[in-house]
Structures are given as structure tokens and as C-alpha cells.
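Novice: Here it is, the structure in full.
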Amino acid sequence: MLSMELAFSRPDKVRLLKQPGRLIHSIAGQSESAAWNSLQDQFDNLEKHTQWGIDVLEKYIKFVKERTEIELSYAKQLRNLSKKYQPKKNSKEEEEYRYTSTRAFLATLNEMNDYAGQHEVISENMTSLIIGELTRYVQELKQERKSHFHDGRKAQQHIETCWKQLEASKRRFERDCKEADRAQQYFEKMDADINVTKADVEKARQQAQLRHQMAEDSKAEYSSTLQKFNSEQHDHYYTHIPNIFQKIQEMEERRIVRIGESMKTFADVDRQVIPIIGKCLDEITKAAESVDHKNDSQMVIEAFKSGFEPPGDVDFEDFTQPMKRTISESSLSNSRGDGKYEPKFGGKSKGKLWPFIKKNKLSLKLGAGPEDFSNLPPEQRRKKLQQKVDELNKDIQKEMDQRDALTKMKDVYIKNPQMGDAASVDHRLSELEQNIEKLRLEVQKFEGWLAEVEGRLPSRTEQARRQSGLYEAQNTSAVNSCAQDRESSPDGSYTEEQSQETEMKVPATDFDDEFDDEEPLPTIGTCKALYTFEGQNEGTISVAEGEMLYVIEEDKGDGWTRIRRNEDEEGYVPTSYVEVYLDKNAKDVYKSLQKISE
């Protein structure tokens with residue numbers, strides 16, 4: 001008799017798939033290894049881990065991107081800094097860069113510009129070699145990861161489907177066995193009952209046989225399904241899942257290697273520019289070592305040397321004798337005694353000894369100087385004139401080069417008319433000839449002034465003659481001759497005059513004004529500033545609204561009044577900006593001195 005109950009349990013080597021909230025038991029006897037095959041029950045955790053790896057990679061890309069932005073910003077700031085301190089073209093500041101110290105500073109600025117360029121190179125290389133490459137790799141990595149985990153889920157769904165089929169076959173087999181058992185019991189009961197007809201017993205027997213046959217069929221189906229499931233499960237855990245996990249492991253290891261290589265590239269990009277940065281620093285060091293204090297000191301002499309010789313001794317003036325007080329022919333300053341302003345003839349009208357000079361307010365210019373640079377001391381004037389002659393000669397050479405080129409072009413056109421019209425260049429040639437002629441006339445004019453200056457510059461052996469001739473020619477000036485000179489030249493520029501007592505041409509008295517630190521002019525009154533004035537031009541002085549100052553020279557008709565704040569600060573302000581209160585006594589003395597000087 002067929003047993004109607006079959007005990008069913010999963011074989012020992014059958015593994016449950018990971019379900020939410022629980023883990024799969026490992027296959028019995030399987031040893032652990034370094035491969036991720038041992039993590040078959042950690043599918044979800046591996047999915048989270050690989051996503052975390054991609055997040056780390058994207059975080060590193062963001063880090064490098066911010067580093068490149070910092071490098072670009074730093075390079076931009078360095079370039080702006082270098083540009084800020086570069087000398088402006090055609091300015092006085094550009095002339096200052098002839099000294100070795102300032103040239104070294106200029107070289108430092110240029111090297112800093114190159115230094116900034118290397119930081120731009122760092123940013124560009126990191127952008128192309130790290131950010132660009134990793135960004136593409138992250139996209140590929142996401143696609144690969146998505147494909148692997150899709151295959152894993154597909155395999156998992158397949159084994160779960162097989163498992164459901166096995167469970168259904170098992171339940172059907174169990175149900176058929178129970179039905180067959182009940183049919184057998186019913187048949188036996190009917191067979192033992194004498195009151196049951198033979199037909200009913202036969203019917204019960206047939207029903208029992210049918211149920212037994214159905215149970216046998218369910219058994220065969222269940223056995224087949226079980227074998228199929230075990231085969232599918234074996235392939236799942238020993239072939240499909242290990243292959244998928246192996247691919248995921250290789251993908252993750254490639255990601256780790258790639259981020260390590262990117263970090264190495266990160267360092268290499270910096271290391272590649274170190275030699276160039278070192279070269280920039282070496283050039284800065286070389287520029288610093290080229291600073292020559294002796295050379296700079298000599299250039300100061302060449303820049304500011306006036307060409308004047310030091311004055312001679314001042315003769316003693318004896319005021320005890322009842323005779324007309326005179327001053328030595330070689331005197332440079334007028335004497336003032338007893339607090340009275342008396343006219344003195346000869347020499348300078350006022351001022352201290354020439355060697356002890358400070359910045360003279362009278363020598364400052366309110367506007368541009370004359371074309372012949374007559375407002376400059378002889379030596380400086382000679383240098384300016386020579387510089388102008390050299391510039392004009394360069395312009396002449398440039399015009400002549402253009403003329404020669406056009407002449408050759410005209411000859412080519414004459415020989416080959418198909419190349420162009422020879423008459424088309426005649427107008428330009430005429431213009432060039434006129435320009436050359438004008439420039440040559442300019443050169444002759446400046447060379448004449450230059451020859452005049454070079455003829456006047458005294459030598460060391462002429463010192464005695466200069467002392468007896470130069471200052472003798474000045475004995476017609478008065479105490480306030482500078483003020484009188486202002487009347488005709490309010491900008492305080494130098495002028496030259498022919499001496500009335502000697503035929504030898506000498507620099508006029510105003511040349512000495514540039515170098516004498518004069519004694520202060522007498523105060524002739526006070527003034528109150530009606531408005532604020534910013535004295536930005538040389539020779540002017542800044543005043544604030546309501547400020548009280550001293551007047552030392554009235555407006556001579558040029559719209560400027562000369563004032564003084566203290567012993568070292570004086571200059572010109574617009575007359576309309578101040579309200580003048582003249583002291584009558586001082587004004588009378590001032591006017592009498594002016595008349596005497598005239």
C-alpha cells in the first residue's frame with residue numbers, strides 16, 4: 001500500500017535567497033575567499049557600497065575643480081598685482097626705471113606674471129587630465145554598475161520564480177497525497193460495509209486508484225521540478241552570481257585604482273611646473289643681485305647735475321664806515337639788518353648759500369616749459385636738448401627708410417607696370433620729403449640751442465673768471481628780483497639775459513633760483529581761504545576753506561597770489577580763492593623795493 005504521507009524538507013545544500021530583513025545561509029562546506037563570492041548574501045550592501053564609491057569619486061572631482069578655480073583666481077590676482085605696479089607708458093614713472101633697483105623691481109613684476117602663468121597651467125592640466133577624464137569615467141562607471149546590478153536582480157528574480165514553482169509543485173503533491181489517502185480510506189470503509197452495493201464499492205475503488213495515480217503524477221512532477229530547481233540554484237550560486245559579483249568587484253577595484261592614479265596626476269601636475277617656477281624665482285634672485293648702489297648713485301649725479309660751479313667766498317662788508325654799503329661782486333645773497341628792508345645791488349636778491357639747498361618753491365613750474373628748455377639748469381638743459389636731437393634723428397631715419405622703400409617700389413612699378421601704378425606713390429614720396437625737411441629744420445634748431453648751451457658751460461679752470469663775471473652781471477637786480485621775474489613769468493621758469501657790464505654770456509640769475517634755498521620773502525599781509533584748493537600742479541599749494549595764511553607776493557595780473565603756510569611751505573593759489581588783507585606798511589616797503597629793483 002502506497003504511503004499517503006510524504007515528509008518534505010529542503011535539501012541541506014539548498015540556500016534561501018536573501019529576503020528583506022534576513023540573510024541567506026552559506027552553502028555547507030564552502031570556504032571563504034578574498035573574492036566577493038563570499039558576499040553573495042550581501043547584494044544590497046554591495047549595491048550601497050558601490051554607490052558610495054561613485055560618490056567619493058564625484059567628491060574628489062569637485063575637490064579638484066575647486067582647486068583649479070583657486071589656481072585661476074590666484075593667477076588672476078597675481079597678474080593684476082603685476083599690472084598694477086607696472087610703470088605707465090610715457091610717464092615720469094617710466095623714467096624712474098632706469099635705476100638698477102627699479103629695473104630689478106620691474107624684472108620681479110615680469111617674473112611674477114610668468115609665475116601666474118604657471119598656476120594657470122596647473123589649472124588647465126588638472127581640468128583636462130583629472131576633471132575631464134574622471135567625469136567621463138564616472139558616467140561609464142554608472143552605466144556599468146547599473147548593468148551589473150540589473151543582471152544580479154534578474155538572476156535573483158529567476159531563482160525566486162523557480163523557487164515559487166517548486167513550492168507550488170510541492171503543495172500540489174502534498175494535496176494529491178492527502179486526497180489519495182482519503183480515497184483509500186473511503187474505499188476500505190465501503191469494502192467492509194455489507195450493506196453497500198458492489199457497484200458503490202467498485203466506484204470507491206476506482207476513485208482511490210485515480211487519486212493514487214494523481215499522487216504519483218504529482219510526485220513525478222515535484223521530483224522533476226525539484227531537480228530543475230536544484231540545478232538552477234547551483235548555477236545561480238556557483239556560476240551566475242559569482243560572475244556578476246566578480247564583475248562588480250573588478251569594477252570597484254578599477255575605480256579605486258583610477259582615483260589613486262588621479263591623485264598621483266594631481267601631484268605630478270604641480271611637480272611639472274616646479275622647475276619653471278624655480279626658474280622664475282632664480283630670475284628674481286638674479287635681478288636682485290644686479291642691483292648696483294654705486295651705479296644708481298652715479299645716475300643720480302647725471303640726472304640732477306646742474307653744471308653750476310660752487311660760489312666763491314663772500315667779502316666782508318664794513319658798515320662802520322660812513323660810506324655807501326656795497327656788496328662783493330661774488331656775493332650770492334643780500335644782507336638784511338636791523339629788521340629793515342633795504343635794497344642791495346649785485347648778486348642774489350635773497351637766499352642762503354648755494355650748497356645748502358632744499359626744494360625751491362620758485363623753481364616749480366605751473367605749466368609746461370619752453371621749447372628750448374631754458375627753464376632748466378645748463379647741464380640738465382644740455383641733456384634734454386641732446387635727447388630731443390636724438391629723437392628727431394631717429395624720426396628722420398624712420399622717414400628715410402619709408403622713402404627708400406617707396407622709391408624701390410616705384411622702380412619696380414616702372415619696370416613692371418602690371419604690378420602697379422608708379423604715379424600712385426608720388427604723393428606719399430612728396431609727403432615724406434616734406435616731413436624729412438621739417439625734421440631736419442627742427443634738428444638744426446635744437447642743435448643750435450645745444451651748441452649755445454655747450455658753449456656756455458664753464459669748466460673747472462674757469463671758476464675764477466665765472467665768479468668775477470657771472471655775479472658782476474647780476475648787480476643790477478634788487479632784493480625782490482624774483483618777485484619781479486614772476487611778473488613776466490609766473491611759472492617760475494628760468495630766463496637768460498645778456499650782461500650789461502660784460503660781453504661774456506652767463507646763466508641768468510633765475511638759474512640760481514633752482515638751487516638756492518632762499519630766505520623767506522617778507523610777509524606783506526594775510527589772507528583767508530574762501531574755498532578749498534587742491535594744489536596738484538608743481539608750484540601750487542593746497543589750502544582748506546577758512547584757513548589763514550601769509551601773503552608774500554600780490555597778484556601780478558596772472559590770477560595767482562603767492563602765499564606761505566610756514567617756513568617750508570609756500571606756493572601759488574588762485575587769487576579768486578582767497579580774501580587778502582594787506583599790511584599797509586609792509587606793502588609800502590614791498591612796493592618801494594620793487595621800484596628800486598626796476
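Novice: Would you pick out the residues in segment 394-426 that are in contact with a Lys or Arg (Cβ under 7 Å, 6 or more places away or on another chain) and touching a residue at least 40 places away in the same chain (Cβ under 8 Å)? Please lay out each step first, then the result.
Specialist: Filtering segment 394-426 for residues in contact with a Lys or Arg (Cβ under 7 Å, 6 or more places away or on another chain) gives 396, 406, 422, 425.
Across segment 394-426, the qualifying residue is only 396.
Novice: Taking residue 448, is it open to solvent by less than 60 Å² (accessible area, probe 1.4 Å), of a type outside the set (A, V, I, L, M) and at pLDDT below 75?
Specialist: The answer is no for residue 448.
Novice: Confirm whether residue 156 is touching a helix residue (DSSP H, G or I) at 6+ places or on another chain (Cβ under 8 Å), open to solvent by less than 90 Å² (accessible area, probe 1.4 Å), without any contact (Cβ under 8 Å) to a residue 40 or more places away in the chain and of a type outside the set (D, E, K, R).
Specialist: no
Novice: For residue 59, which of the numbered conditions (1) open to solvent by 90 Å² or more (accessible area, probe 1.4 Å); (2) at pLDDT below 50 fails to hold?
Specialist: It is condition (2) that residue 59 fails.
Novice: So the check is Cβ under 9 Å with 6+ separation or different chains; which pairs have a first residue in segment 231-253 that's under 23 Å from residue 56 (Cα atoms) and at pLDDT 85 or above and a second one that's basic (Lys, Arg) and part of a helix (DSSP H, G or I)?
Specialist: Pairs found: 248/145; 251/145; 252/145.
Novice: Of the residues 272, 206, which is open to solvent by 80 Å² or more (accessible area, probe 1.4 Å) and in contact (Cβ under 8 Å) with a residue 12 or more places away in the chain?
Specialist: 272
Novice: Hey, residue 223 hits all of (1) under 25 Å from residue 139 (Cα atoms); (2) surrounded by fewer than 14 Cβ atoms within 10 Å (Cβ to Cβ); (3) of a type outside the set (Val, Ile, Thr); (4) in contact with a helix residue (DSSP H, G or I) (Cβ under 9 Å, 6 or more places away or on another chain) but one; which does it fall short on?
Specialist: (1)
Novice: While we're here: Here are some residues: 235, 193. Which one is acidic (Asp, Glu), surrounded by 13 or more Cβ atoms within 10 Å (Cβ to Cβ) and over 60 Å from the mean Cα position of the chain (by Cα)?
Specialist: None of the others qualify; the one that does is 235.
Novice: Moving on to the next point. Kindly indicate which of 262, 297 is touching a helix residue (DSSP H, G or I) at 6+ places or on another chain (Cβ under 8 Å) and among the small types (Gly, Ala, Ser).
Specialist: After applying the criteria, what remains is 262.
Novice: Within segment 111-124, is there a residue that is part of a helix (DSSP H, G or I), aromatic (Phe, Trp, Tyr), in contact with a helix residue (DSSP H, G or I) (Cβ under 6 Å, 6 or more places away or on another chain) and open to solvent by 30 Å² or more (accessible area, probe 1.4 Å)? Spell out how you get there, then give the answer.
Specialist: We begin by selecting, within segment 111-124, every residue part of a helix (DSSP H, G or I); these are 111-124.
If we keep only those that are aromatic (Phe, Trp, Tyr) too, we end up with 115.
From what is left, the residues that are in contact with a helix residue (DSSP H, G or I) (Cβ under 6 Å, 6 or more places away or on another chain) are 115.
Add one more test, that the residue is open to solvent by 30 Å² or more (accessible area, probe 1.4 Å), and what stays is 115.
Yes, some residue in segment 111-124 is part of a helix (DSSP H, G or I), aromatic (Phe, Trp, Tyr), in contact with a helix residue (DSSP H, G or I) (Cβ under 6 Å, 6 or more places away or on another chain) and open to solvent by 30 Å² or more (accessible area, probe 1.4 Å).
The values are calculated or read from the model by the stated rules, or taken from the named source; none is laboratory data. Note that the structure is predicted; figures quoted are calculated from it, not measured. When we count neighbours, we look across all protein chains shown, and the Cβ atoms used for this are built from the backbone with ideal geometry, even at glycine. In case anyone asks, the SASA skips ligands and DNA or RNA and just uses the protein heavy atoms, side chains included. Shrake-Rupley method; radii C 1.70, N 1.55, O 1.52, S 1.80 Å.
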